[in-house]
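As structure tokens, the structure follows; a few thoughts come after it.
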Amino acid sequence: MCKSCNIVKRITRCVILLLNIAFILVYSDIYSQDSITLPVKIVSGNAYISEYDIRTLLPVQSSFDLLLQRGRVMRGPRFAIYTVGMSVALCGELLLLSEYPVVRMQGEVLIPLDIALPMVKNLMEGYVVAIRGNNVIVNRETAIQQEKQKAKKPLPHVSKDAIGFIVVDAGHGGKDPGAIGKSGIKEKLLTLQIAREVALELQKKLPGIDVVMTRTTDKFLELGERTEIANRLLKKGVNGIFVSIHCNAAVVSKISGFETYYLSQNPSNEEARTTAVLENNVIVFESPEKRKRYSDVDIIEALMLTTQIQKESSMLASAIQKGLDRNISEFKSKGVKKADFFVLRGCLMPSALVEVGYITNTKEKNFLTNKNYQKKLARGITEGIMRFIDAYNKTVLNN
Ligand SMILES: [Zn+2]
């Protein structure tokens with residue numbers, strides 16, 4: 001074959017190859033511009049999007065944990081986590097709330113539209129997501145739409161309303177005595193007495209806010225039930241806070257003082273870690289099934305607070321500790337600490353745990369059982385909560 005023929009042949013091959021590439025590019029572009037339709041399903045009057053449709057029709061990755069009934073959808077760095085039976089979902093920093101929960105029907109997981117729509121919007125950045133008729137339409141965004149979108153103010157992350165309720169949790173109860181102090185005094189009794197004083201003081205000082213106690217009698221509550229009481233109120237669309245009351249214990253009886261905690265996977269120090277281990281011991285009273293859940297890494301992640309809630313919880317803990325500092329001079333203020341308390345884990349709102357004092361210290365135990373001192377503690381805690389609410393509501397009104 002002559003040299004020029006060979007060159008012609010090569011050029012032809014190149015042209016065919018280029019045409020092929022161009023065809024693929026054009027075709028894939030047309031394909032990617034195709035709109036994706038997610039049908040809205042109505043079950044018992046509630047609107048849902050099928051998890052199967054999200055997973056198969058959208059360019060996302062997903063996984064589902066059958067044991068925990070928890071699903072996860074990912075697209076690049078974006079992710080969403082939802083759980084069957086729960087009406088809240090986590091989508092990156094966003095906390096998505098619905099009136100009704102994620103359900104599983106005949107093997108199909110249905111996500112409430114209230115959760116699914118913002119979830120898809122968040123995951124599908126670069127797409128326009130809108131409801132049209134009985135469908136959610138996902139369209140690739142054009143350059144003009146992108147400009148318009150940028151001009152729009154970003155949507156607020158979590159719906160912010162003024163604080164409408166306070167849940168006061170008396171630690172332990174029933175078959176769980178909590179720590180046992182000097183002369184056999186049980187933590188569960190003192191936490192109930194002090195929580196009652198706190199609730200009374202709050203009702204007096206903040207008449208417009210609902211004050212709810214997790215228990216008013218000597219009854220056993222699982223840790224999850226405590227926060228569930230608070231989360232149920234949150235689902236009604238009102239914001240609130242959760243404060244758990246406890247008494248501390250130590251092997252060395254001279255240790256005394258009060259401190260306030262907020263939830264963190266990284267304890268402030270060894271003492272904070274020990275206090276959390278002590279308080280978390282209550283799970284031995286819960287069923288083995290429930291116990292497994294606390295050790296599951298995935299649940300920590302799924303129920304992990306958004307950084308915003310953690311920031312607010314740290315503010316709440318600081319305010320409470322300051323309130324106590326101003327009212328209590330008999331014992332040392334041990335400051336604000338962070339640790340992994342299981343009782344605070346599932347809480348979807350600002351929360352704190354107060355260790356009002358050591359029942360293993362004779363002098364402090366005597367004070368803790370004294371009605372006047374209990375009222376003093378309640379005043380301190382209430383003052384702190386009031387300051388927090390004041391600051392919180394101001395930021396809400398400014399946003
Ligand atoms: Zn306790």
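A few comments on the model shown:
- Packing around the peptides 73-79, 223-229, taken as the average count of other Cβ atoms within 10 Å per residue, puts them in this order, highest first: 223-229, 73-79.
- Set the Cα radius of gyration of the range 36-151 against 2.2 N^0.38 Å, with N its number of residues, and you get 1.03.
- Per-atom-type breakdown for the range 163-398 gives carbon and sulfur 54% of the accessible area (1.4 Å probe, protein chains only).
- Taking the charge dipole of the range 36-151 about its Cα centre, with +1 at Lys and Arg Cβ atoms and -1 at Asp and Glu Cβ atoms, the residue from 84, 63, 42 reaching farthest to the positive side is 63.
- Simple spin-label estimate for residue 393 and residue 271 in nanometres, 7 Å along Cα-Cβ: 3.5
- Taking only the C-alpha atoms of the range 184-251, the Rg (one decimal) and the largest Cα-Cα distance, Dmax (whole number), read 13.5, 44 Å.
- A simple spin-label model places pseudo-atoms 7 Å from Cα toward Cβ; at residue 253 and residue 370 they are separated by 1.9 nm.
- Taking amide H as placed 1.01 Å from N in the peptide plane, the amide H of residue 264 sits under 5 Å from that of 339, 340, 341, each at least 5 places away or on another chain.
- 3J(HN,Hα) from dihedral phi, the range 41-47, Karplus parametrisation 6.51/-1.76/1.60, rounded to Hz, x for glycine, proline: 9, 9, 10, 6, x, 9, 9
- Straightening the chain between residue 141 and residue 212 buys 20.9 nm, computed as 0.36 nm per residue apart minus the Cα-Cα spacing.
- Label-zone membership for the range 332-376, site residue 281, 7 angstrom Cα→C-beta point, backbone N under 17 Å: 340-343, 355-361
- Cβ-based net charge around residue 256, under 12 Å, with every Lys or Arg adding one and every Asp or Glu removing one: +2
- The range 36-151, dipole about Cα centre (Lys/Arg Cβ +1, Asp/Glu Cβ -1), debye to the nearest 20: 180
- Solution diffusion estimate, µm²/s, Stokes-Einstein, the range 231-275, Kirkwood Rh from C-alpha pairs, 20 °C, viscosity 1.002 mPa s: 159
- With eigenvalues of the C-alpha gyration tensor scaled by 5 and rooted, the range 163-398, Å: 24, 22, 17
- For the peptides 356-366, 241-251, 171-181, the ranking by packing is 241-251, 356-366, 171-181, with the highest mean count of neighbouring Cβ atoms within 10 Å listed first.
- Links that overshoot a 24 Å alpha carbon limit, given the list 254/334; 204/365; 204/338: 204/365; 204/338
- Per residue value of the accessible surface for the range 41-86 (all protein chains in place, 1.4 Å probe), Å²: 49
The values are calculated or read from the model by the stated rules, or taken from the named source; none is laboratory data. Since the model is a prediction, treat every value here as computed from it, not as a measurement. FYI the Cβ positions are ideal-geometry reconstructions off the backbone, even for glycines, and counts take in every protein chain you see. The accessibility values were calculated without ligands, DNA or RNA, using every heavy atom of the protein model including side chains. Shrake-Rupley method; radii C 1.70, N 1.55, O 1.52, S 1.80 Å.
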